[in-house]
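A.B. asks: Sharing a structure below in C-alpha cells format, with a few things to ask.
Where a number appears in this text, it was derived from the coordinates with a stated rule and is not lab data. This structure is a prediction, so every number in the text was calculated from the model and none was measured. Here Cβ is always computed from backbone atoms with ideal geometry, including for glycine, and neighbour counts include all displayed protein chains.
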Amino acid sequence: MIPFISQLPEAEQTIWIAALNRALPDERVIHVSEVEQVEKKHCQLAIVANPKAELLAEFENLTWLHSIWAGVEKLMISLADSPIEVVRLIDPRLSSTMAEAALAWTLYLHRDMPRYAKQQQNKHWQQHPHILASERRIGILGLGELGQASAKQLRKNGFQVLGWSRTKKHIANVVTYSDNDGLAEMLSKSDILLCLLPLTPATQGLVDKAILANLPQGSAIINFARGGLIDNDALICALNSKHISHAVLDVFDHEPLAPDSVFWQHPDITVLPHISAPTNQASACDIVAKNIMQYRQTGIIPVCVDKTIGY
Ligand code: NAP
C-alpha cells in the first residue's frame, strides 16, 4: 500500500489516486486519511504533492517520497533534518511543455506584444522596427531539465541563446556560463532573461537590484521558476525606471497572487497564474509507476534530490 499525501483539493486527489492505481495495478495507492494506524509503520514510500509535514511524520518508516511535481523546495525545507529521500518528477513531457512556454512568451516579448497592446488601448497606430530572432539574445538562468529543453527550443526558432548553471554545461549552439563572473557576463548580453532555477538557499532572492542592473537597458524578464528567486521591490524599481521594459511572471511568493498585489495593475507586468508547465497527469503517472516498479524489483531508490544543494 502506498499513501497519497497532498494538499490538492479533494476532487483532484481522487482523480490522481485513480490514475496512479491504473498505472500501478500491482499496488494499492490510497488517500492518506484512509491508511489504518497499524498500516502506517509498514509504509516505505509515499506519493506526494506538497504534503503537510505533520502527516508525513505519522509514517515512521518512510524511506522515500515520490513527488508528482518537479519543484520540491517546500518539501526540502520540511525534510531538512530527516533521512527521508525525495524523488522529484522528471518528465520529458513537462520539459517540452516548459520549452513551448519559453518560446511562446519569448515571442510575446520579442514581437513587442505588450507595447502593441498598450498602443491599441490608446488607439495609437505606430510601427516599430522589426528585430530578427537571430539578433535577440535570450539568457537562461538554470540549465537543468527545463532550462536545456527551453534553450534547444529557442535555438530552433533562431534566437541567440546563452545559459548559466552551477556546473558548466556544453550544449550545441548555446553559449554557456557558470560562476559569478559568468553570470555577470551573461546578464550583460541578455535582451530577455528567462528564470528556470530551482528555489534553494543559494538562489533565494538571486535576481536582485545588482543582477537587474547588469541587464542591458530595456531588457525584459520571464520568471517561470519560483517567485522567491526575484527581489520584488528591486524588480518594481527596475520597471518603474524603465531599465527593465517588461516582466512576465508566472510564479509568486504567495499563490494565488493576492488581490492587492501591485503586480496585477502594473502596466509593464504580465501576470500568469502558474501555468507555464503544468504536470501532465498521464505521463507523470507513467513515470511514477516506472520508478516505483523498478524500486520494488531492485530495492534501489531512483535519483533523489541532493539535500546538500536543495535540488
Ligand atoms: P533541474 O533539472 O534541477 O535544473 C536546475 C538547474 O539550475 C541546473 O542547471 C542547476 O545547475 C541550476 N542551478 C541550481 N542552483 C544553482 C545555483 N545556485 N547557481 C547556478 N545554477 C544553479 O530543475 P528543472 O527540472 O529544470 O526545474 C527548475 C525549476 O522550475 C523547478 O525547481 C521548479 O521550481 C520550476 N518549475 C516551474 C513550473 C511552472 O509551471 N512554472 C513547472 C515545473 C517546474 P547544475 O546543472 O550545475 O546542477
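A.B. asks: For the stretch 167-311, what is the convex hull volume of the alpha-carbon atoms per residue, in Å³?
C.D. replies: 152 Å³
A.B. asks: May I ask you to derive the relative contact order of the stretch 94-271, considering only C-alpha pairs under 8 Å and at least 6 residues apart, and to give it as an integer percent?
C.D. replies: Computed over the stretch 94-271, the figure is 17 percent.
A.B. asks: Let me ask another. Using a simple spin-label model with points 7 Å from Cα along the Cα→Cβ vector, what separation in nm is obtained for Gln126 and Lys242?
C.D. replies: 1.0 nm
A.B. asks: Shifting gears a bit: Exposure proxy check: Phe263, Phe159 ranked by fewest other beta carbons within 10 Å?
C.D. replies: Ranking Phe263, Phe159 by Cβ neighbours within 10 Å, fewest first, gives Phe263, Phe159.
A.B. asks: Over the chain, what is the relative contact order in percent, taking alpha-carbon pairs closer than 8 angstrom and at least six residues apart?
C.D. replies: 16 percent
A.B. asks: Further question on the same structure: Using +1 on the beta carbon of Lys and Arg, -1 on that of Asp and Glu, and nothing else charged, what's the dipole of the chain about the Cα centre, debye to 20?
C.D. replies: I would put it at about 1200 debye.
A.B. asks: Distance between the C-alpha centers of the stretch 93-110 and the stretch 1-47? Whole Å please.
C.D. replies: Cα centroid of the stretch 93-110 versus Cα centroid of the stretch 1-47: 33 Å apart.
A.B. asks: At a 10 angstrom cut-off on C-beta neighbours, averaged per residue, how do the peptides 220-226, 140-146, 169-175 rank from highest to lowest?
C.D. replies: Output ranking for 220-226, 140-146, 169-175: 220-226, 140-146, 169-175.
A.B. asks: Shifting gears a bit: How far apart, in nm, are the 7 Å Cα→Cβ label points at Ala80 and Glu39?
C.D. replies: Simple spin-label model gives 3.4 nm for this pair.
A.B. asks: For a Förster distance of 25 Å, can you work out the FRET efficiency between the beta-carbons of His254 and Ala11, rounded to the nearest 0.05?
C.D. replies: 0.60
A.B. asks: Also, quick follow-up: Would you compute, for the Cα atoms of the chain, the largest minus smallest coordinate along each principal axis and list the three values in descending order, in whole Å?
C.D. replies: Result, largest extent first: 69, 41, 32 Å.
A.B. asks: Within the stretch 22-41, find all residues whose amide N lies under 11 Å from a label point positioned 7 Å from the Cα of Met1 along Cα-to-beta-carbon.
C.D. replies: Within reach of a label on Met1: 28-41.
A.B. asks: Take the alpha carbon atoms of the stretch 1-160, find their radius of gyration, then divide it by 2.2 N^0.38 Å using N residues; give the quotient.
C.D. replies: Dividing the Cα Rg of the stretch 1-160 by 2.2 N^0.38 Å gives 1.47.
A.B. asks: Ranking request for peptides 35-42, 279-286, 103-110: highest mean number of other beta-carbon atoms within 10 Å first, then the rest in descending order.
C.D. replies: So the peptides 35-42, 279-286, 103-110, ranked by packing, come out 103-110, 279-286, 35-42.
A.B. asks: Could I ask something else about it? Over the chain, with a Gaussian network built from C-alpha contacts below 10 Å, which listed residue (Val251, Val72, Val262) shows the highest mean-square fluctuation?
C.D. replies: Val262
A.B. asks: Please state, as a whole number in µm²/s, the translational diffusion coefficient that the Stokes-Einstein equation yields for the stretch 94-271 at 20 °C and 1.002 mPa s, with Rh defined as the Kirkwood radius across alpha carbon pairs.
C.D. replies: Calculated translational D: 131 µm²/s.
A.B. asks: Which one of Tyr311, Val207, Trp164 is farthest out on the positive end of the charge dipole of the chain, using unit charges on Cβ (Lys, Arg +1; Asp, Glu -1) and the Cα centre as origin?
C.D. replies: Final value for the positive-end residue is Trp164.
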